[in-house]
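Peer 1: I'd like to ask some things about the structure below.
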Amino acid sequence: MENLERIIADCPFFAGLDHTYLNLIVGCASNVRFEAGSYMFKEGTPADTFYLIREGKVAIEIFAPHRKPIIVSTVGEGEIVGWSWLLPPYVWKFHGHALQSVRAIALDGKCLRAKCEENHDLGYEILKRVVQIVEHRLDEARFQQVDVYAVQR
Amino acid sequence: MMPQTHSVREVIKETPDTFTLTLQPENGAGASFFQPGQFSMLWVYGVGELPISISGDPGKQDRLVYTVRSVGKATNAFVSQKPGAGVGVRGPFGIGWPVDVARGHDLVIVAGGIGLAPLRPVIYHVLSHRADYDRLVLIYGARSPRDLLYRKELASWARQRDTQVLITVDYGGLSWRNHVGVVTTLLKYARLRPAQSVAMLCGPEIMMRFVARDLAGHGFGRSQIYLSMERNMKCAVGFCGHCQYGPHFICKDGPVFTYEQIGPMMDKYEL
């Protein structure tokens, strides 16, 4: 547990979080591993977990019928994968595909949601952090949409 | 100001639309001295003249190397030249990258698309004067894996000591196992030491604006960030005014500027 707490405390996502809250979060955490090529989660399935990536790279993919999946972004070491666990209907919107062997901390979203409901201060702290990630990813997606390397005519 | 005829020695296809041409002076003309970041005016006889950054090794003075993306009549004509063909060269022109200022510092190079071409001479320079520089970080973004320039060299640079090479593409295919996302997403993986670094940026202007903003957010001062600008250059010596950018002529006062110099102008729609 101590080791997990240290890893979680060192993650930028949880930076500055009160020790009491970290203890609560550690109670919902476990170490996981995914082989290269395996799927960590799939679109449409219940999103009851999110991941803090310790090592490896995860592709966020969109399923496209009659096409190969489309990789919209990759997430790597020190980053968080998944926020669908926090918002109804708690369902993954994308595939999470381990491009390399991935070591991660899995955080039980159901467990953490319950703790956030019981303790709104914790809930607010988590929400602020998740919103920041959502903002970054939205910025990145908008920038990607600009297609800056396309030929300007 | 008169173009000096060079002959095409080699043509390398880098991507489906981008080619690297090596030119050498004809008629025993002298060596080609240039500073990393400088450009030449290339005259494709019968077609027109193009301002193109030099992308070769500044240590190899018997040749001039240019990487050009074929996007119009003149660039098409240039990249279609065959070995032995003659091309007119004026230059080199402009103020290049501050390789002397960067000496003793970490060098953070951020390139987007064909923007890696004007920065390649800096990489050659640093690698051939390795003891003069501290850490080298190269962050490179392209549209897709097939649009990446200098693939073999990227792999070789990544193996150099104290050098970090990070590559991303905006759109990755399924066989791509590297990063997918805009170039700014790589900054969080870079081993940055802003207080002892000089950053050099080249790519589409909008990309440089985002990168410069994010580097400033990481603690880089505006005077530590250098950008290579591009405008419609004609005379290349500050007479014609085609490349005027606020109070500057890109051809003569640049193309390399500090973010401190031009940052405020980059937010002006009219410029």
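The values are calculated or read from the model by the stated rules, or taken from the named source; none is laboratory data. Bear in mind the structure is a predicted one, so any value in this text is a computation, not a measurement. Quick reminder, even Gly has a Cβ in these numbers, built from the backbone with ideal geometry, and neighbours come from all protein chains shown. Side chains included, ligands, DNA and RNA excluded: accessible areas come from the protein's heavy atoms. Shrake-Rupley method; radii C 1.70, N 1.55, O 1.52, S 1.80 Å.
Peer 1: Helix-derived [θ] at 222 nm for chain B: sum -39500 (n - 2.57) over DSSP H runs of at least 4, divide by residue count, nearest 500? Could the numbers behind the result be given before it?
Peer 2: Numbers: 6 runs with 53 residues, N = 271.
When only DSSP H runs of four or more count, the value is -5500 deg cm²/dmol.
Peer 1: Any chance you could check the Cα centroid distance between region B:71-142 and region B:145-214 for me, in angstrom?
Peer 2: Distance between centres, Cα-based: 15 Å.
Peer 1: Please work out whether chain A counts as rounded, prolate or oblate from its C-alpha gyration tensor, where a ≥ b ≥ c are the square roots of the eigenvalues and a/c under 1.5 means rounded, while otherwise a/b larger than b/c means prolate and anything else oblate? The partial results should precede the final answer.
Peer 2: Details: a/c = 1.80, a/b = 1.58, b/c = 1.13.
Cα axes put chain A in the prolate bin.
Peer 1: Given charges of +1 on the Cβ of Lys and Arg and -1 on the Cβ of Asp and Glu, with all other atoms neutral, how large is the dipole of region B:4-93 about its Cα centre, in debye to the nearest 20?
Peer 2: Values: 8 positive and 7 negative charges, 21 e Å.
Dipole about the Cα centre, nearest 20: 100 debye.
Peer 1: With an 8 Å cut-off on Cα pairs and a minimum separation of 6 or more residues, tell me the relative contact order of region B:106-198 in percent.
Peer 2: Value for region B:106-198: 32 percent.
Peer 1: Given the -39500 (n - 2.57) contribution per DSSP H run of 4+ residues, what per-residue ellipticity at 222 nm results for chain A, rounded to the nearest 500 deg cm²/dmol?
Peer 2: Theoretical 222 nm ellipticity from helices: -11500 deg cm²/dmol.
Peer 1: Before I look further, what does region B:130-271 give for accessible area per residue, probe 1.4 Å, in whole square angstrom? Kindly include the intermediate steps, with their values, before the conclusion.
Peer 2: Values: 6290 Å² over 142 residues.
Counting only protein heavy atoms, the per-residue value for region B:130-271 is 44 Å².
Peer 1: Another question, if that's okay. Order A:Arg33, B:Arg143 by their accessible area, 1.4 angstrom probe, all chains in place, largest first. Could you put the intermediate results ahead of the total?
Peer 2: Details: A:Arg33 165, B:Arg143 85 Å².
Output order, biggest surface exposure first: A:Arg33, B:Arg143.
Peer 1: At a 1.4 Å probe radius, carbon and sulfur cover how many percent of the accessible area of region B:4-93?
Peer 2: On the way: 1810 of 3720 Å².
With neighbouring chains kept in place, the figure for region B:4-93 is 49 percent.
Peer 1: So what's the net charge close to B:Val65: Lys and Arg +1, Asp and Glu -1, counting the other residues with Cβ under 14 Å from its Cβ?
Peer 2: Values: positive: B:Arg9, B:Lys60, B:Arg63, B:Arg120; negative: B:Glu10, B:Glu14, B:Asp57, B:Asp62, B:Glu153.
Computed value for this residue: -1.
Peer 1: Between B:Asp132 and B:Lys188, with labels modelled 7 Å along Cα→Cβ, what's the label distance in nm to one decimal, could you check?
Peer 2: Result: 3.7 nm between the two label points.
Peer 1: Name the residues of region A:109-145 whose accessible area falls by at least 40 Å² when all protein chains are present instead of the chain alone, probe 1.4 Å?
Peer 2: Residues meeting the cut-off: A:Glu140, A:Phe143, A:Gln144.
Peer 1: Suppose the chain between B:Ala155 and B:Ala195 were pulled fully straight at 0.36 nm per residue; how much longer would it get relative to their current alpha carbon spacing? Before the final figure, lay out the partial values.
Peer 2: Working: separation 40, 0.36 × 40 = 14.40 nm, distance 2.79 nm.
Residue separation times 0.36 nm, minus the Cα-Cα distance, leaves 11.6 nm.
Peer 1: Using only the Cα atoms of the protein assembly as shown, build the gyration tensor, take square roots of its eigenvalues as a ≥ b ≥ c, and label the shape rounded, prolate or oblate: rounded if a/c is under 1.5, else prolate if a/b is larger than b/c, else oblate.
Peer 2: Numbers: a/c = 2.40, a/b = 2.09, b/c = 1.15.
Cα axes put the protein assembly as shown in the prolate bin.
Peer 1: Turning to a different aspect of this structure: What's the FRET efficiency of B:Glu260 with B:Val237 using the Cβ-Cβ distance as r and R₀ = 25 Å, to the nearest 0.05? Numbers along the way, then the final one.
Peer 2: Details: r = 25 Å, r/R0 = 1.00.
Step by step, r from the Cβ atoms, then E = 0.50.
Peer 1: Once you have the Cα-Cα distance between A:His66 and A:Val134, take 0.36 nm times their residue separation minus that, and quote the gain in nm to one decimal. Present the calculation step by step, with values, prior to reporting the outcome.
Peer 2: On the way: separation 68, 0.36 × 68 = 24.48 nm, distance 2.94 nm.
Difference between extended and current length: 21.5 nm.
Peer 1: Report the charge-dipole magnitude of region B:144-189 in Debye, nearest 20, computed about the Cα centre from +1 at each Lys and Arg Cβ and -1 at each Asp and Glu Cβ. Display every interim value, and only then the final one.
Peer 2: On the way: 7 positive and 4 negative charges, 37 e Å.
About 180 debye.
Peer 1: Heavy atoms only, 1.4 Å probe, whole protein assembly: order B:Arg209, B:Arg130, B:Arg159 by accessible area, highest first. Intermediate values should be presented prior to the final figure.
Peer 2: Values: B:Arg209 90, B:Arg130 30, B:Arg159 180 Å².
In descending accessible area the options line up as B:Arg159, B:Arg209, B:Arg130.
Peer 1: A:Lys128: accessible area at probe 1.4 Å, nearest 10 Å²?
Peer 2: Using a 1.4 Å probe on the heavy atoms, I get roughly 90 Å².
Peer 1: Classify region B:106-198 as rounded, prolate or oblate, taking a ≥ b ≥ c as the square roots of the eigenvalues of its Cα gyration tensor: rounded when a/c is under 1.5, otherwise prolate if a/b is larger than b/c and oblate if not.
Peer 2: Numbers: a/c = 2.00, a/b = 1.54, b/c = 1.29.
Prolate.
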